1. Given the criterion assigned to a loop (DSSP other than H, G, I, E, B), under 27 Å from Ser7 (Cα atoms) and in contact with a Leu (Cβ under 9 Å, 6 or more places away or on another chain), identify the matching residue among Leu43, Leu80.
2. Residues that are closer than 23 Å to Pro15 by Cα, within 15 Å of the chain's Cα centre (by Cα) and of a type in the set (Gly, Ala, Ser): does the stretch 85-97 have at least one?
3. Which one of Glu120, Glu73, Glu128, Glu138 is under 30 Å from Glu25 (Cβ atoms) and exposed (fewer than 15 other Cβ atoms within 10 Å of the Cβ)?
4. Of these, Ala91, Ala99, which one is assigned to a loop (DSSP other than H, G, I, E, B), assigned by TED's automatic domain parsing to the domain that holds Ile137 and among the hydrophobic types (A, V, I, L, M, F, W, C)?
5. Just need a number here: residues in the stretch 1-40 that are more than 16 Å from Ala72 (Cα to Cα), of a type in the set (Ser, Thr, Tyr) and not in a loop (DSSP other than H, G, I, E, B).
6. Going by what's in this entry, would Tyr29 be described as of a type in the set (Phe, Trp, Tyr) and in contact with a strand residue (DSSP E or B) (Cβ under 8 Å, 6 or more places away or on another chain)?
7. Can you name every residue in the stretch 41-57 that is farther than 17 Å from Glu73 by Cα and either touching a Pro at 6+ places or on another chain (Cβ under 8 Å) or surrounded by 13 or more Cβ atoms within 10 Å (Cβ to Cβ) (or both)?
8. Six or more apart or on different chains, Cβ atoms under 9 Å: show the pairs whose first residue is in the stretch 1-22 and within 15 Å of Leu37 (Cα to Cα) and loosely packed, with under 10 Cβ neighbours inside 10 Å and whose second is among the polar types (S, T, N, Q) and modelled with pLDDT of 90 or more.
Amino acid sequence: MSKSAISNSVIRRLPRYYRFLGDLEANGYVRISSRELAEKMGLTASQIRQDFNCFGEFGQQGYGYNVTGLKAEIGKILGLDKQTPMILLGAGNLGRALASHIDFRNRGFDLIGVFDANPELVGRKIGELTVMGVADIEGFCREHKPAAAILCIPR
(Lines give C-alpha, C1' and ligand atoms only; values in the text may rest on other atoms or scores of the structure.)
Protein backbone atom coordinates (compact mmCIF):
# COMPACT_ATOMS: atom_id res chain seq x y z
CA MET A 1 0.00 0.00 0.00
CA SER A 2 1.38 3.41 -0.87
CA LYS A 3 2.01 5.90 1.89
CA SER A 4 -0.61 8.25 0.47
CA ALA A 5 -3.24 5.50 0.79
CA ILE A 6 -2.77 5.11 4.55
CA SER A 7 -5.68 6.70 6.36
CA ASN A 8 -5.28 9.40 8.98
CA SER A 9 -7.03 7.09 11.46
CA VAL A 10 -4.28 4.48 11.09
CA ILE A 11 -1.59 7.15 11.43
CA ARG A 12 -3.23 8.50 14.60
CA ARG A 13 -3.33 5.00 16.12
CA LEU A 14 0.40 4.31 15.58
CA PRO A 15 1.64 6.27 18.64
CA ARG A 16 -0.97 4.48 20.76
CA TYR A 17 0.25 1.10 19.51
CA TYR A 18 3.84 2.14 20.19
CA ARG A 19 3.10 3.22 23.79
CA PHE A 20 0.98 0.15 24.48
CA LEU A 21 3.63 -2.23 23.12
CA GLY A 22 6.19 -0.45 25.30
CA ASP A 23 4.02 -1.13 28.34
CA LEU A 24 3.65 -4.79 27.34
CA GLU A 25 7.41 -5.07 26.83
CA ALA A 26 8.05 -3.51 30.26
CA ASN A 27 5.68 -6.07 31.78
CA GLY A 28 7.57 -9.00 30.28
CA TYR A 29 5.41 -9.85 27.28
CA VAL A 30 7.37 -11.54 24.50
CA ARG A 31 4.56 -12.12 22.04
CA ILE A 32 0.91 -11.24 21.68
CA SER A 33 -1.85 -12.19 19.27
CA SER A 34 -3.97 -9.63 17.45
CA ARG A 35 -6.96 -10.91 19.45
CA GLU A 36 -5.21 -10.34 22.80
CA LEU A 37 -3.92 -6.96 21.71
CA ALA A 38 -7.40 -5.98 20.52
CA GLU A 39 -8.98 -6.95 23.84
CA LYS A 40 -6.43 -4.96 25.81
CA MET A 41 -6.68 -1.87 23.57
CA GLY A 42 -10.44 -1.85 22.98
CA LEU A 43 -10.12 -2.43 19.23
CA THR A 44 -10.93 -5.37 16.99
CA ALA A 45 -8.37 -7.97 15.94
CA SER A 46 -9.29 -7.31 12.32
CA GLN A 47 -8.62 -3.58 12.74
CA ILE A 48 -5.20 -4.24 14.25
CA ARG A 49 -4.24 -6.65 11.45
CA GLN A 50 -5.45 -4.18 8.81
CA ASP A 51 -3.53 -1.32 10.43
CA PHE A 52 -0.29 -3.30 10.60
CA ASN A 53 -0.71 -4.65 7.06
CA CYS A 54 -0.55 -1.06 5.78
CA PHE A 55 3.17 -1.18 6.59
CA GLY A 56 4.11 -4.80 5.91
CA GLU A 57 3.87 -8.23 7.48
CA PHE A 58 4.79 -8.11 11.16
CA GLY A 59 3.17 -11.19 12.68
CA GLN A 60 2.92 -14.90 12.05
CA GLN A 61 -0.37 -16.73 11.88
CA GLY A 62 -0.70 -18.94 14.94
CA TYR A 63 2.16 -17.16 16.74
CA GLY A 64 1.11 -13.53 16.85
CA TYR A 65 3.46 -10.60 17.10
CA ASN A 66 6.85 -10.37 18.73
CA VAL A 67 6.26 -7.43 21.08
CA THR A 68 9.80 -6.02 20.95
CA GLY A 69 10.09 -6.45 17.20
CA LEU A 70 6.70 -4.90 16.48
CA LYS A 71 7.44 -1.96 18.77
CA ALA A 72 10.76 -1.40 16.95
CA GLU A 73 9.04 -1.51 13.53
CA ILE A 74 6.37 0.96 14.59
CA GLY A 75 9.12 3.13 16.09
CA LYS A 76 10.83 3.18 12.68
CA ILE A 77 7.57 4.13 10.98
CA LEU A 78 7.16 6.98 13.48
CA GLY A 79 10.78 8.04 12.99
CA LEU A 80 11.72 7.22 16.57
CA ASP A 81 14.75 5.21 15.47
CA LYS A 82 16.56 8.48 14.74
CA GLN A 83 17.52 11.20 17.21
CA THR A 84 15.91 14.46 16.11
CA PRO A 85 17.72 17.53 17.51
CA MET A 86 15.32 19.75 19.44
CA ILE A 87 15.34 22.96 21.49
CA LEU A 88 13.13 24.13 24.35
CA LEU A 89 11.88 27.70 24.43
CA GLY A 90 10.84 28.71 27.93
CA ALA A 91 12.69 27.56 31.05
CA GLY A 92 9.94 28.42 33.53
CA ASN A 93 8.18 25.81 35.66
CA LEU A 94 6.72 23.84 32.75
CA GLY A 95 9.88 24.01 30.64
CA ARG A 96 12.08 22.89 33.54
CA ALA A 97 9.69 20.06 34.36
CA LEU A 98 9.70 18.81 30.77
CA ALA A 99 13.48 19.09 30.40
CA SER A 100 14.12 17.39 33.73
CA HIS A 101 11.55 14.60 33.77
CA ILE A 102 10.91 13.46 30.21
CA ASP A 103 13.27 10.99 28.62
CA PHE A 104 13.37 12.56 25.17
CA ARG A 105 16.15 10.25 23.95
CA ASN A 106 13.91 7.19 24.21
CA ARG A 107 11.27 9.08 22.25
CA GLY A 108 13.56 9.90 19.33
CA PHE A 109 14.59 13.43 20.35
CA ASP A 110 17.84 14.96 21.49
CA LEU A 111 17.31 18.11 23.58
CA ILE A 112 20.26 20.27 22.57
CA GLY A 113 19.37 23.74 23.85
CA VAL A 114 17.15 25.61 26.32
CA PHE A 115 16.28 29.30 25.97
CA ASP A 116 14.43 31.88 28.05
CA ALA A 117 13.78 35.63 27.99
CA ASN A 118 14.05 35.96 31.78
CA PRO A 119 17.59 37.12 32.67
CA GLU A 120 17.23 35.46 36.09
CA LEU A 121 16.96 32.04 34.40
CA VAL A 122 19.74 32.55 31.84
CA GLY A 123 22.87 30.74 32.97
CA ARG A 124 21.05 28.23 35.18
CA LYS A 125 21.52 24.53 34.56
CA ILE A 126 18.70 22.18 33.63
CA GLY A 127 20.21 18.74 33.64
CA GLU A 128 23.32 18.97 31.49
CA LEU A 129 22.14 22.07 29.59
CA THR A 130 22.64 25.72 30.49
CA VAL A 131 19.73 28.08 29.81
CA MET A 132 20.64 30.62 27.12
CA GLY A 133 19.06 33.97 26.39
CA VAL A 134 16.64 34.49 23.51
CA ALA A 135 19.21 36.66 21.73
CA ASP A 136 21.28 33.48 21.25
CA ILE A 137 18.57 31.48 19.47
CA GLU A 138 19.34 32.53 15.91
CA GLY A 139 23.08 31.81 16.10
CA PHE A 140 22.52 28.55 17.97
CA CYS A 141 20.01 27.35 15.40
CA ARG A 142 22.26 28.31 12.52
CA GLU A 143 25.10 26.30 14.05
CA HIS A 144 23.25 23.27 15.51
CA LYS A 145 20.25 23.04 13.14
CA PRO A 146 17.50 21.78 15.48
CA ALA A 147 14.60 20.17 13.63
CA ALA A 148 11.97 20.67 16.35
CA ALA A 149 11.13 22.97 19.25
CA ILE A 150 9.00 22.74 22.35
CA LEU A 151 7.27 25.99 23.22
CA CYS A 152 6.69 26.58 26.94
CA ILE A 153 6.06 30.30 26.70
CA PRO A 154 3.15 32.54 27.68
CA ARG A 155 0.53 33.26 25.03
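The values are calculated or read from the model by the stated rules, or taken from the named source; none is laboratory data. Every value quoted in this text rests on a predicted model; they were computed, and no experiment measured them. All Cβ positions, glycine included, derive from the backbone under ideal geometry; neighbour counts span all protein chains shown.
1. Leu43
2. Checking the stretch 85-97: not a single residue is closer than 23 Å to Pro15 by Cα, within 15 Å of the chain's Cα centre (by Cα) and of a type in the set (Gly, Ala, Ser).
3. Every option except Glu128 fails the conditions.
4. Sole residue among the options that is assigned to a loop (DSSP other than H, G, I, E, B), assigned by TED's automatic domain parsing to the domain that holds Ile137 and among the hydrophobic types (A, V, I, L, M, F, W, C): Ala91.
5. Adding up the residues that qualify gives 3.
6. Considered against the rule, which asks whether it is of a type in the set (Phe, Trp, Tyr) and in contact with a strand residue (DSSP E or B) (Cβ under 8 Å, 6 or more places away or on another chain), Tyr29 comes out as no.
7. Within the stretch 41-57, Met41, Leu43, Thr44, Ala45, Gln47 meet the criteria.
8. From residues that are within 15 Å of Leu37 (Cα to Cα) and loosely packed, with under 10 Cβ neighbours inside 10 Å, there are no pairs.
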